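Read the structure below first, then the notes.
The values are calculated or read from the model by the stated rules, or taken from the named source; none is laboratory data. In this text the structure is predicted, and so the values were computed from the model without any measurement. Quick reminder, even Gly has a Cβ in these numbers, built from the backbone with ideal geometry, and neighbours come from all protein chains shown. Calculation scope for accessible area: heavy atoms of the full protein, side chains included, ligands and nucleic acids excluded. Shrake-Rupley method; radii C 1.70, N 1.55, O 1.52, S 1.80 Å.
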Amino acid sequence: MPTIHEDVDNIRVTYVPAGDRPEDANWAGSDVIRVQAYRQDPTESHSLHRGAEFPLADNVAFCRLIETLCRVYRQGST
């Protein structure tokens, strides 16, 4: 499976399959979602900061991530 990514403003969200990583770099032992910010305006440069990676051991973990993002947003936006 190829690496898949989408941009949201200055953030790149990437789905990284475990099989695309060398064994010594596959710390999670599963596919991951990587979130990175662009170093500059993405229209000027495609250089990215190192990003956080969230292991996708199962679909429950991913749903917990989405629920947590929504909870944090609701608490912060009130």
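Do we have THR68 as of a type in the set (Ser, Thr, Tyr) and either in contact with a Lys or Arg (Cβ under 7 Å, 6 or more places away or on another chain) or modelled with pLDDT under 90 (or both) here?
No: the conditions fail for THR68.
Return the residues of region 39-70 that are under 25 Å from ALA28 (Cα atoms), of a type in the set (Lys, Arg) and either open to solvent by less than 80 Å² (accessible area, probe 1.4 Å) or more than 13 Å from the chain's Cα centre (by Cα) (or both); say none if nothing qualifies.
Result: ARG64, single match.
Just checking, does region 18-31 include any residue being open to solvent by 30 Å² or more (accessible area, probe 1.4 Å), of a type outside the set (Gly, Ala, Ser), in contact with a Leu (Cβ under 6 Å, 6 or more places away or on another chain) and modelled with pLDDT of 85 or more?
Checked region 18-31: at least one residue is open to solvent by 30 Å² or more (accessible area, probe 1.4 Å), of a type outside the set (Gly, Ala, Ser), in contact with a Leu (Cβ under 6 Å, 6 or more places away or on another chain) and modelled with pLDDT of 85 or more.
Name the pairs: first residue in region 16-43 and closer than 18 Å to PRO2 by Cβ, second residue among the acidic types (Asp, Glu) and surrounded by 15 or more Cβ atoms within 10 Å (Cβ to Cβ), Cβ to Cβ under 6 Å, at least 6 apart or on different chains?
PRO17/ASP31; ALA18/ASP31; VAL32/GLU53; ARG34/GLU53
Return yes when VAL13 is assigned to a strand (DSSP E or B), out of contact with any His (no Cβ under 6 Å at 6 or more places or on another chain), without any contact (Cβ under 8 Å) to a residue 24 or more places away in the chain and closer than 16 Å to LEU69 by Cβ and no when it is not.
It is true that VAL13 is assigned to a strand (DSSP E or B), out of contact with any His (no Cβ under 6 Å at 6 or more places or on another chain), without any contact (Cβ under 8 Å) to a residue 24 or more places away in the chain and closer than 16 Å to LEU69 by Cβ.
Taking the condition at pLDDT 95 or above, of a type in the set (S, T, N, Q) and within 13 Å of the chain's Cα centre (by Cα), does GLN75 pass?
no
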